[in-house]
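Only the coordinates and a few stated rules stand behind these numbers; no lab work does. Given the structure is predicted, the values throughout are model-derived calculations rather than measurements. With ideal geometry, Cβ positions are generated from the backbone for all residues, glycine too; neighbour counts draw on all protein chains shown.
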Amino acid sequence: MKKHAGAVSVVLIASLLLACSSVRRVVPLESGASAITVSLGGPVTEVGKKYLPLPLLSAGYNYGINGRLGIEAGLNLTGALFGLLHVDAGVNWYPLTVKGPIPGITVTPKLFFMTNFESGGNRLYPTITPTLYWKLGRHLVYTGIENWFEVHTRRSDGNEQPRHWLIAPYLGWGLSWKKWLFQLEGRGYTPNLANTGRATKNIGFGSHGVIGFFMGVSRTIGGAR
């Protein structure tokens, strides 16, 4: 039973890693304003005889320090249900805001921490994510590339870690209504890597990468937005 549980943990950690950093706010919050986000989705995976996005649930929190800087944190709620802790925290920097057709820019350096509370099950991943976004009235369009850096020389199964830079390009759309923001997002996980050796069957870009889809909703608290 313990061996089976360990195998399940390995599969879940792999799935959670792919689903990390789901829907997040990419536009600046006013000074002192907060936003709470809940998102659902994940890699498109074979479930029975159908391929569906994994229903991985996560929650996020954003806080606006000023128009150029903010902080954020997140928790994977699905992992917590299985005894896996997956949290992240980082900074949002907005060097350029939207000016007509010129997009705004968000740069987000973060740290992801994951553990299955077993020896050797702890993982820390630094990431940096540049995002371009456009605002068209109540509509929001954004795109970017999340960059993960593997700092460990060994994988969780003890084998050598051959890849130390993982990418996940994404494209999203949002619709704002008063203090609410609804978002849909598509992601391409590791499109530069072959799908051999994966624990699950996923839909990717031919023989490479994995496609994922998310939806999310966020509520702003405070400020005028």
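What the table below lists for this structure:
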quantity: Loop chymotrypsin sites (Phe, Trp or Tyr not before Pro), segment 41-134, which have at most 10 other Cβ atoms in a 10 Å radius of their Cβ (DSSP); calculated: Phe117
quantity: Net lengthening on full extension, Leu111/Trp93 (0.36 nm per residue, minus Cα-Cα); calculated: 5.0 nm
